[in-house]
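Here the structure comes first, spelled out in structure tokens, and everything after it is commentary.
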Amino acid sequence: MRSAIQQFNRLSISQDAAPRSISSPFIRTLTTTTSPRASLTTTADTVIPPPSDPLQPIGPQSVLATIHAFPSLEPLRFEQYPASHLYLPTRRDILHRAVIYEGDKTRLGTASTKWRDEVHGSTKKIRPQKGTGHARLGDKKSPMLRGGGVAFGPKPRDFSTKLPRKVYDLAWRTALSYRFRKGELTIIDGAMTIPYPSVSYVEDMFNAHGWGNKDGRSLLVTLGKKGRRDFREVMEKLGNFGRMETWDEVDVKDLLEMGRVVIERDALKNILLSHQSDLTNSIWVKGLVSANKQEL
């Protein structure tokens, strides 16, 4: 009985407390004021100043190459070349296409054989068709007999393939850039001549510079043949040391074949001017240096 009365009293207390909590109003004041910092004023006369330093493209735009004297290889000066000429990334796919193109272009394709109707001789049947116990056989010009025609033999054909000129010109400059990056491109100021045609003199010079056979041979590229006859004759005798060619006789395969390339400055200029169709819209090549130092 006592517990029931206590529970009743608790219930009455909770009922009395509920209206008191509801009767007390909950008031929340909300004030909206504009901050002076939030005010934004725009004027039409606002001018954004240009950046002090203009943006520069990524990567070097030119490279410095050392010009040497011949035959001492004394450094004379630095010369600036565009990065698109002597500092291109190595593209093995482009070089491979150029070498295959040059190889196909130099194939003669003169192999020729005679088919059975081109062989001179009688068309009489050698033996009867049946009754001999041997295989059937026609005339003596049959490809199965000695002296007869050749079945499906080679005929003169053209093995040359096509390659876009811009891709081929890019391969030229890629090969030169590959040599330049590895330090295997030596640029000579003036003509490469020797004081007297001596095999021992040229052999000692090559060994002193590390151009000989044990160092991978060398390709010497000149502007022309005039004034270099003695040097060319000596190089023909020293075939295991390298080869000497003019700038219009070499190709991409020659630039990659030997250990290094020693080239005259004017010859390099002609090669770069002749192989830049992918850099310019003009198909005419101007500024070439001839063998007698006259620009064409």
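The values are calculated or read from the model by the stated rules, or taken from the named source; none is laboratory data. Given the structure is predicted, the values throughout are model-derived calculations rather than measurements. With ideal geometry, Cβ positions are generated from the backbone for all residues, glycine too; neighbour counts draw on all protein chains shown.
Summed over segment 69-115, residues that are over 22 Å from Glu184 (Cβ atoms) and of a type in the set (Ser, Thr, Tyr) total 5. Kindly provide the set of residues from segment 110-133 that are over 52 Å from the mean Cα position of the chain (by Cα) and surrounded by 10 or more Cβ atoms within 10 Å (Cβ to Cβ), ordered by number. Scanning segment 110-133 gives Gly121, Thr123, Lys125, Ile126, Arg127, Pro128, Thr132.
Picking from Lys140, Lys182, which residue would you name as being more than 18 Å from His68 (Cα to Cα) and not polar (S, T, N, Q)? If you could, list the steps in order and put the result at the bottom.
Numbers: Lys182 fails: more than 18 Å from His68 (Cα to Cα).
Within the list Lys140, Lys182, the selection yields Lys140.
For (1) at pLDDT below 95; (2) under 28 Å from the mean Cα position of the chain (by Cα); (3) hydrophobic (A, V, I, L, M, F, W, C), each residue gets a yes or a no:
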position	(1), (2), (3)
Ser35	yes, no, no
Ala38	yes, no, yes
Thr46	yes, no, no
Pro54	yes, no, no
Ile58	yes, yes, yes
Ser84	yes, yes, no
Arg92	no, yes, no
Val99	no, yes, yes
Glu102	no, yes, no
